[in-house]
Amino acid sequence: MPPRVDFYTAYELSPEQEKVRERSQSGKFGSVPKRCVVTGGLGGVGQRLVETLVERGAEKVVSFDIVPAAANVWKHPAIEYVTADLRDLDAVVEAFKGAECVWHNAAAVGPFLPKPFYHEINVVGTQNVIEACKRTGVRKVVFSATPSTRFTCTDDIEGLTEAEMPEIPQREYVAEYSATKAQAELLLREACAKGELLFVAVAPHTVYGPRDNLFLPNMLEAAGVGKLRVFGKGDSRCGYTHVDNYCHGLVIAEKQLYDGSPHLGKFYVCTDGHTHPDPRGFCVFWEELDRAIVGMGFDSVCAKFALPFWLLRIVAFICDRIGDLTGKKLKLGWFTLRMLTMHRWFSIAGAQRDLGYSPVVSFKEAWPDTIEWFRQKWLPTFDPKTASGTTGGIAQQTVDKVQYQEKAMGT
């Protein structure tokens with residue numbers, strides 16, 4: 001990894017995460033399988049999931065990722081870092097040997113990757129996970145899903161339960177990421193229905209927390225050069241998921257993987273729930289983002305004029321076409337625009353009822369904790385001379401990982 005992003009890989013927990021770690025090690029959250037595999041184990045969620053499993057007593061956790069482990073990752077004796085391609089079935093089979101459960105987190109995430117990545121990693125990779133489980137006798141798979149498989153760019157999502165959301169497959173999806181994640185989930189569901197494995201899907205929404213290298217860095221960079229403005233009316237309601245809350249939901253979902261479980265093949269959403277500013281399960285997106293921006297010492301975007309939606313839609317269309325023609329990954333496109341202007345928050349009643357889920361860290365404490373982490377770790381690396389604005393290129397740490405993946409995949 002380039003030196004600039006070393007702080008994204010170090011096992012240095014924030015104060016709120018330290019509290020969660022202490023409760024994990026005390027046994028408060030229960031036991032975990034002794035031998036585990038996490039695909040995508042060096043991603044923003046995957047790395048914290050590997051750590052969480054070890055903190056809760058796992059004796060061996062294989063962290064499987066196409067990106068090699070940085071020098072400053074947690075060198076715990078229970079963690080084995082495997083650098084391999086999810087499309088390499090033999091490598092996947094080797095990594096899965098002896099495992100009791102696989103947490104399938106590896107994915108081409110977000111709108112910034114080359115289009116072929118999405119099918120190759122999300123679909124072909126999942127096919128290999130299923131085949132490797134069959135060859136090695138691994139029965140349990142917890143799948144890291146996304147709620148974007150169940151909504152479109154035209155409809156707001158306001159407090160729907162999983163059962164109230166549209167079923168997959170859908171006729172259209174908000175992005176290639178969503179379409180291929182839906183395909184992957186359907187492949188796992190089919191294997192589960194055939195009795196080949198036991199599977200459950202667990203999704204977050206707007207993951208945040210220390211070491212986030214996608215959501216906040218790109219937004220803060222645009223704000224830091226003075227080019228970010230509120231999109232549309234600025235009243236979009238959004239549900240957030242702290243990375244430790246999501247990892248908790250993923251871990252406890254494994255308990256529901258047994259023969260005859262009524263929860264097999266189901267889809268669940270885990271967010272910060274009632275701990276949001278609005279206890280129904282959401283906050284006002286631009287208000288909370290502005291807290292982070294002001295926390296970096298940047299000018300408030302809420303105090304500036306907002307950009308009308310109709311204008312942004314034209315700009316997003318142009319940015320998407322430029323990206324198609326040049327291969328340059330721009331921040332503003334139709335997917336990003338819609339995600340920043342629509343209402344999207346969910347009921348977590350299903351996860352609470354079936355999985356026993358409840359947030360382990362409150363948004364009211366975790367959001368300021370995350371802001372402080374970025375102020376201490378990210379802000380000193382911020383360079384306005386190389387940063388880009390709303391329509392410019394994505395943040396450098398995102399580019400670094402994309403370029404490494406492109407090289408590793410031979411694209």
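Couple of notes before you dig in:
- Each residue in the range 294-341 was checked for being modelled with pLDDT of 90 or more, aliphatic (A, V, I, L, M), assigned to a loop (DSSP other than H, G, I, E, B) and buried (at least 16 other Cβ atoms within 10 Å of the Cβ), and 2 of them qualify.
- Residue list for the range 169-222, filter: assigned to a loop (DSSP other than H, G, I, E, B) and over 20 Å from the mean Cα position of the chain (by Cα): 169, 170, 171, 172, 194, 195, 196, 197
One line per residue, one yes/no per condition, for (1) of a type in the set (A, V, I, L, M, F, W, C); (2) free of Cβ contacts under 8 Å to residues at least 60 places away in the same chain; (3) under 25 Å from residue 133 (Cβ atoms); (4) buried (at least 23 other Cβ atoms within 10 Å of the Cβ):
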{"position": "15", "(1), (2), (3), (4)": "no, no, no, no"}
{"position": "22", "(1), (2), (3), (4)": "no, yes, no, no"}
{"position": "28", "(1), (2), (3), (4)": "no, yes, no, no"}
{"position": "35", "(1), (2), (3), (4)": "no, no, yes, no"}
{"position": "38", "(1), (2), (3), (4)": "yes, no, yes, yes"}
{"position": "47", "(1), (2), (3), (4)": "no, no, yes, yes"}
{"position": "57", "(1), (2), (3), (4)": "no, yes, yes, no"}
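- Residues that are within 20 Å of the chain's Cα centre (by Cα) and not in a helix (DSSP H, G or I) were ranked within the range 148-158; the one that is nearest to residue 338 (Cα to Cα) is 153.
- The listed residue being surrounded by fewer than 24 Cβ atoms within 10 Å (Cβ to Cβ), at pLDDT 95 or above and in contact with a helix residue (DSSP H, G or I) (Cβ under 7 Å, 6 or more places away or on another chain), out of 89, 113: 89
- The number of residues in the range 70-124 that are of a type in the set (Asp, Glu) and touching a residue at least 24 places away in the same chain (Cβ under 8 Å) comes to 4.
- The number of residues in the range 59-78 that are assigned to a strand (DSSP E or B) and either surrounded by fewer than 22 Cβ atoms within 10 Å (Cβ to Cβ) or among the charged types (D, E, K, R) (or both) comes to 2.
- Filter result for residue 253 (in contact (Cβ under 8 Å) with a residue 12 or more places away in the chain, in a helix (DSSP H, G or I), in contact with a strand residue (DSSP E or B) (Cβ under 7 Å, 6 or more places away or on another chain) and among the small types (Gly, Ala, Ser)): yes
- Residue 382 fulfils the conditions (1) modelled with pLDDT of 90 or more; (2) under 19 Å from residue 152 (Cβ atoms) except for a single criterion, (2).
The values are calculated or read from the model by the stated rules, or taken from the named source; none is laboratory data. As the structure is a computational prediction, the values presented were derived from the model and not from experiment. Because the Cβ atoms are built from the backbone with ideal geometry, glycine has one as well, and the counts that use them run over all protein chains shown.
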